[in-house]
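Scroll down for the structure; my scribbles are underneath it.
The values are calculated or read from the model by the stated rules, or taken from the named source; none is laboratory data. Only a predicted model underlies this, so the values are computations on that prediction, with no experimental measurement involved. Cβ: placed from backbone, ideal geometry, glycine included. Neighbour counts: every protein chain shown.
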């Protein structure tokens, strides 16, 4: 077959296949044009999930008649001052959006420039351009796209339901609204009630206001400010505390020079920064903005401009990890589930009111609660047998009569220990509320941070076992452990082969005290089975440290003395990231006195 030049309409439709994947792609391109035109307000309307109609109205600078005629031609753009593709400071620059849309739909543009006496209008249907006509419009630009893909009906078969396409449009507008909090957005359509995001004040406060409007009040209450800067690269934004997570990474919004992107490098950096805080199956919620010189990033690697390539990818990754870790460490104590809202919602009245006609004497078998006197003793009017029905056991430890004064301790962030219940939870009193601490999760974080600090300083101190402990496992597990023996030794766990299907443990970390070496090795082997060589050595070592910390911490079910409970609280106050354990679970919850009073109708 001979080589031939493709007709212009065919070329435009091929280009449309790259730029216009679905109605959301059209909305993205048109809204980006409005932002580049300096709009302060953008209204988006859709019908039929964008398949039947898309309308974008803005109050930007508009176009002259001459510019309008060129705007629908291929590779015509007003967003490049010269031919230098390394100095891209706008969202759009390829000059393919409008001609691509016009080649597969019915496109109409009405625009008015400040220097023009009136507005001008132009239509493009299936690639056929009309004459420019005078029109009526106060200012800005109005773009309407009707019957999307009518010129390429085969593409319609690949679209999803109207509701799904409308949700994709909503997500596109949400991302662009996050990137530009100074611009007011309205999103309306037959598929949804109108949503308006008012323009926010400049600066970090305005950005958080816009993020809260879009991501919800829960994100705003959990938001931690992130900022890191080096060599002209700035990483800023807000990340939610580990108490707020999702089951997938869809709650992670990333922007580079104001452009919403999906970048594996940035997602990997986020995962690394949160690795000490979240379970493996949970993902953080955040919005990060990377700002750098346009010459240091290539935005021209994808037709839809959703991917970028950094000149110094290592610097960007390091800044993201540093900024997130610094923010999480700074707000480490607040990252616990301190709001108590979820805890309060689980409280319900523990009794059902009796009818007024009910007579307790008519039901002798019904238990009767003892009436407590002021000093806590049961009222003498009830028999010991009746009282026994309510004897559920005293708390594990009671420090109400502790001789040590607690007036100073209640002013500490985690208060003064009052009791231990179920040999698992410590209840402490603060000046304005109460705190419930999971003793195992709290001590696990403390041991983990000690292991990390010891490793960074001069290595983990070891204790030599008088009699090596022999642990029998299957041969594959033994081989897996022995392959990583050097990494385990760096944490003070020295192992060696002991025949077929067994290892000998000769040294253990001193911080762990007496530990179950068999259980520890089995847990470590399970983690190692999921590793690959792409996982950095540092992350592998932190996995080892986290597993060791879990085995070396105070177990649930251990009764603690009052001084041990208070000592644990004081250590938590001095330990970084003590708001959650190594697996991402909260170490404590706090209930304010005002919340408790609401439960009893005092407020």
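A count restricted to the stretch 274-293 and to residues that are surrounded by 15 or more Cβ atoms within 10 Å (Cβ to Cβ) and at pLDDT below 85 stands at 5.
Considering only residues in the stretch 40-55 that are assigned to a strand (DSSP E or B) and buried (at least 23 other Cβ atoms within 10 Å of the Cβ), the one that is farthest from the chain's Cα centre (by Cα) turns out to be 54. For the stretch 300-323, the criterion of being closer than 21 Å to residue 209 by Cα and either assigned to a strand (DSSP E or B) or at pLDDT 90 or above (or both) is satisfied by at least one residue.
Of the residues making up the stretch 444-467, those that are buried (at least 24 other Cβ atoms within 10 Å of the Cβ) and either out of contact with any helix residue (DSSP H, G or I) (no Cβ under 6 Å at 6 or more places or on another chain) or within 15 Å of residue 591 (Cα to Cα) (or both) number 1.
Would it be correct to say that residue 142 is part of a helix (DSSP H, G or I) and either crowded, with 18+ Cβ neighbours inside 10 Å or in the same structural domain as residue 100 (by TED's automatic domain parsing) (or both)? Criteria not met by residue 142. For the stretch 229-250, residues that are surrounded by fewer than 21 Cβ atoms within 10 Å (Cβ to Cβ) and at pLDDT 90 or above total 7.
All conditions but one from (1) surrounded by 17 or more Cβ atoms within 10 Å (Cβ to Cβ); (2) at pLDDT below 90; (3) outside any helix (DSSP H, G or I) apply to residue 80; the one that does not is (1). Of the candidates 254, 288, the single residue that is part of a strand (DSSP E or B), within 26 Å of residue 28 (Cα to Cα), touching a residue at least 60 places away in the same chain (Cβ under 8 Å) and within 13 Å of the chain's Cα centre (by Cα) is 288. For the stretch 189-206, the tally of residues that are without any contact (Cβ under 8 Å) to a residue 40 or more places away in the chain, in contact with a helix residue (DSSP H, G or I) (Cβ under 9 Å, 6 or more places away or on another chain) and outside any loop (DSSP other than H, G, I, E, B) stands at 3.
For every residue, the table says whether it meets (1) surrounded by fewer than 20 Cβ atoms within 10 Å (Cβ to Cβ); (2) assigned to a loop (DSSP other than H, G, I, E, B).
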{"site": "137", "(1), (2)": "yes, yes"}
{"site": "151", "(1), (2)": "no, yes"}
{"site": "158", "(1), (2)": "yes, yes"}
{"site": "163", "(1), (2)": "yes, no"}
{"site": "169", "(1), (2)": "no, no"}
{"site": "172", "(1), (2)": "no, no"}
{"site": "177", "(1), (2)": "no, no"}
